[in-house]
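J.: Starting off with a structure, shown below.
The values are calculated or read from the model by the stated rules, or taken from the named source; none is laboratory data. Small disclaimer: the values here were computed from a predicted structure and weren't measured. Counting neighbours? That spans all protein chains shown, and the Cβs are built from the backbone with ideal geometry, glycine included. Heads up: the accessible areas ignore ligands, DNA and RNA and are worked out on the full protein's heavy atoms, side chains in. Shrake-Rupley method; radii C 1.70, N 1.55, O 1.52, S 1.80 Å.
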Amino acid sequence: LQPNYDGAKETYEWSPDTTLDARDALQRGCLLIVDEYSMVEDTIAQLLIDSATECGGKLLVVGDAYQLPSPAQSHDSLLDKVEPAAELTEPMRYSRDSVLYQVERTARSNPYGFNVTDFVDGREVYAYSDWDSFLAAFVERYKSNPGADIRMLWYKRQNVIDANHAIREALYGVNPALIEDGEQIRVQRTGDLPLPSHLRTEHRQTQRYYSGTHYRILKTEDDVEHIEGFEIPVTKATLSNEMTVNLLFSVTENQADPKCRGGAEFNQALRELAEAAQDPTNMITWKNYRNLRNSFLQVAYSYATTVHRTQGMSADIIFTSPSALKQAQPY
């Protein structure tokens, strides 16, 4: 597939090589495995099925029948209609008699009535009646366990943002720096940033950062960037891979956290470019919009996060609320 840059969002469409590549992958004697099959777009699903039939290769699709489709899809994939030849009836991450299995089933069937204390199983579980005591306990554990992975989980993104700011104020005071040296951040959005000149080679000009990856800040400095005609205050950070990049604390894709330095200015500049790009008489294009957006590494503080971003993760200590199980009211 090839990227289509006609608009604010980068989408992907067929390229001249798409059909040939699919047929090559499904020649007789070849096996193509597609994981998370329900997320495959419908026309690509049809191409894979046709290629396997015509070229004699094998197509193995794997996935969960209850897996949500891609946000970009307006309908289920054709692969989603394939009858399973084999179905796993045993959970693979833990056994049926484990506490985790019982927790998962109970939370799914009755999230509002779910009570974690029913499943203690030798673990320490504490309940807090108000936000202040909940926050104080998190900060105390965090300070006394500097090497531990301690997470606060929420369902709503706004809860995550508010919690991260409150935790940082409790750790660093009323007016902390945008980010303190030694802090850990999580990359919010996959992106390619230019490598420093001394690290560039003929075949490698950029460094790819992957969404969800954690980095430790080595050193920070403030600056003002002149990008696409806008002056935006930013914080430059040297990361654990020894690259210095412009940090943008992101709320959602393309939107900065206005509480953070440069956030409001970035959002305003991006809105202006988007409006200009929609005017056919204006020379401003969506390329300018993406150049500004992609000039920063979009990151978030990693004390609190959503339950969605922690799937598959292991942590030492978890702080959470009943609202993290479902879109319910906290406490």
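J.: Go through the range 226-250 and report how many residues are in contact with a helix residue (DSSP H, G or I) (Cβ under 6 Å, 6 or more places away or on another chain), open to solvent by 30 Å² or more (accessible area, probe 1.4 Å) and on the phi < 0 side of the Ramachandran plot.
T.: The qualifying residues number 1.
J.: Across the range 274-303, what is the total count of residues that are in a helix (DSSP H, G or I), out of contact with any Lys or Arg (no Cβ under 9 Å at 6 or more places or on another chain) and not basic (Lys, Arg)?
T.: Residues that pass the stated criteria total 8.
J.: Here's another thing I want to ask about it. What about Ile318, is it over 30 Å from His198 (Cα atoms), in a strand (DSSP E or B) and open to solvent by 20 Å² or more (accessible area, probe 1.4 Å)?
T.: On the way: over 30 Å from His198 (Cα atoms): yes; in a strand (DSSP E or B): yes; open to solvent by 20 Å² or more (accessible area, probe 1.4 Å): yes.
Taking the combined requirement at face value, the residue satisfies it.
J.: Taking the range 172-181 as the region of interest, how many residues are open to solvent by less than 70 Å² (accessible area, probe 1.4 Å) and not hydrophobic (A, V, I, L, M, F, W, C)? Before you say what the answer is, go through the steps one by one.
T.: Kept after step one, since they are open to solvent by less than 70 Å² (accessible area, probe 1.4 Å), are these residues of the range 172-181: 173, 176-180.
Next, from what is left, pick out any that are not hydrophobic (A, V, I, L, M, F, W, C): 173, 176, 180.
Total satisfying the criteria: 3.
J.: Could you count how many residues in the range 303-326 are within 22 Å of Asp130 (Cα to Cα) and either at pLDDT 75 or above or touching a Gly at 6+ places or on another chain (Cβ under 7 Å) (or both)?
T.: Here the count works out to 10.
J.: Now a separate question. Any residue at all in the range 182-189 that is open to solvent by 70 Å² or more (accessible area, probe 1.4 Å) and charged (D, E, K, R)?
T.: Keep residues of the range 182-189 that are open to solvent by 70 Å² or more (accessible area, probe 1.4 Å), which gives 184.
Those left that are additionally charged (D, E, K, R): none.
No, because not a single residue in the range 182-189 is open to solvent by 70 Å² or more (accessible area, probe 1.4 Å) and charged (D, E, K, R).
Here is a yes/no grid of residues against (1) within 23 Å of the chain's Cα centre (by Cα); (2) among the aliphatic types (A, V, I, L, M); (3) at pLDDT below 85:
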| position | (1), (2), (3) |
| --- | --- |
| Ala170 | no, yes, no |
| Leu178 | yes, yes, no |
| Arg186 | yes, no, no |
| Thr201 | no, no, no |
| Gln205 | no, no, no |
| Phe230 | no, no, no |
| Pro233 | no, no, no |
| Lys236 | yes, no, no |
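J.: Next question, about the same structure. May I ask you to say which residue of Ile49, Ile33 is modelled with pLDDT of 95 or more and β-branched (Val, Ile, Thr)? Break it down stepwise before answering.
T.: Details: Ile49 fails: modelled with pLDDT of 95 or more.
On inspection, the qualifying residue turns out to be Ile33.
J.: Also: For residues in the range 262-306 being within 18 Å of Leu247 (Cβ to Cβ) and of a type in the set (D, E, K, R), which is surrounded by the fewest Cβ atoms within 10 Å (Cβ to Cβ)?
T.: Step by step, filter the range 262-306, then rank; the result is Glu265.
J.: Given the residues Ser129, Ser133, Ser144, which is the only one that is open to solvent by 30 Å² or more (accessible area, probe 1.4 Å), modelled with pLDDT under 85 and more than 27 Å from the chain's Cα centre (by Cα)? If you could, list the steps in order and put the result at the bottom.
T.: Numbers: Ser133 fails: modelled with pLDDT under 85; Ser144 fails: modelled with pLDDT under 85.
From the options Ser129, Ser133, Ser144, the qualifying one is Ser129.
J.: Same structure again: Taking the condition of being closer than 26 Å to Val245 by Cα and open to solvent by 40 Å² or more (accessible area, probe 1.4 Å), how many residues in the range 147-157 meet it?
T.: Total satisfying the criteria: 3.
J.: What is the number of the single condition among (1) within 26 Å of Val160 (Cβ to Cβ); (2) free of Cβ contacts under 8 Å to residues at least 24 places away in the same chain that Val224 does not meet?
T.: (1)
J.: Another one. Taking interchain pairs and intrachain pairs at least six residues apart, which have beta carbon atoms under 8 angstrom, with the first residue in the range 278-298 and more than 23 Å from Gly263 (Cβ to Cβ) and the second assigned to a helix (DSSP H, G or I)?
T.: Every condition considered, the pairs that remain are Asn282/Ala276; Thr285/Ala277.
Here is a yes/no grid of residues against (1) surrounded by fewer than 10 Cβ atoms within 10 Å (Cβ to Cβ); (2) modelled with pLDDT of 70 or more; (3) of a type in the set (Asp, Glu); (4) not in a helix (DSSP H, G or I):
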{"residue": "Ala86", "(1), (2), (3), (4)": "yes, yes, no, yes"}
{"residue": "Gln102", "(1), (2), (3), (4)": "no, yes, no, no"}
{"residue": "Arg105", "(1), (2), (3), (4)": "no, yes, no, no"}
{"residue": "Thr117", "(1), (2), (3), (4)": "yes, yes, no, no"}
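J.: Across the range 24-54, what is the number of residues that are open to solvent by 20 Å² or more (accessible area, probe 1.4 Å) and among the polar types (S, T, N, Q)?
T.: Counting residues in the range 24-54 that are open to solvent by 20 Å² or more (accessible area, probe 1.4 Å) and among the polar types (S, T, N, Q) gives 4.
J.: Among the residues that make up the range 60-79, is at least one of them modelled with pLDDT of 75 or more, open to solvent by less than 80 Å² (accessible area, probe 1.4 Å), over 30 Å from Asp316 (Cβ atoms) and assigned to a helix (DSSP H, G or I)?
T.: Yes - at least one qualifying residue is present in the range 60-79.
J.: Limited to the range 157-186, what total is found for residues that are among the hydrophobic types (A, V, I, L, M, F, W, C) and touching a residue at least 40 places away in the same chain (Cβ under 8 Å)?
T.: Residues meeting the conditions: 8.
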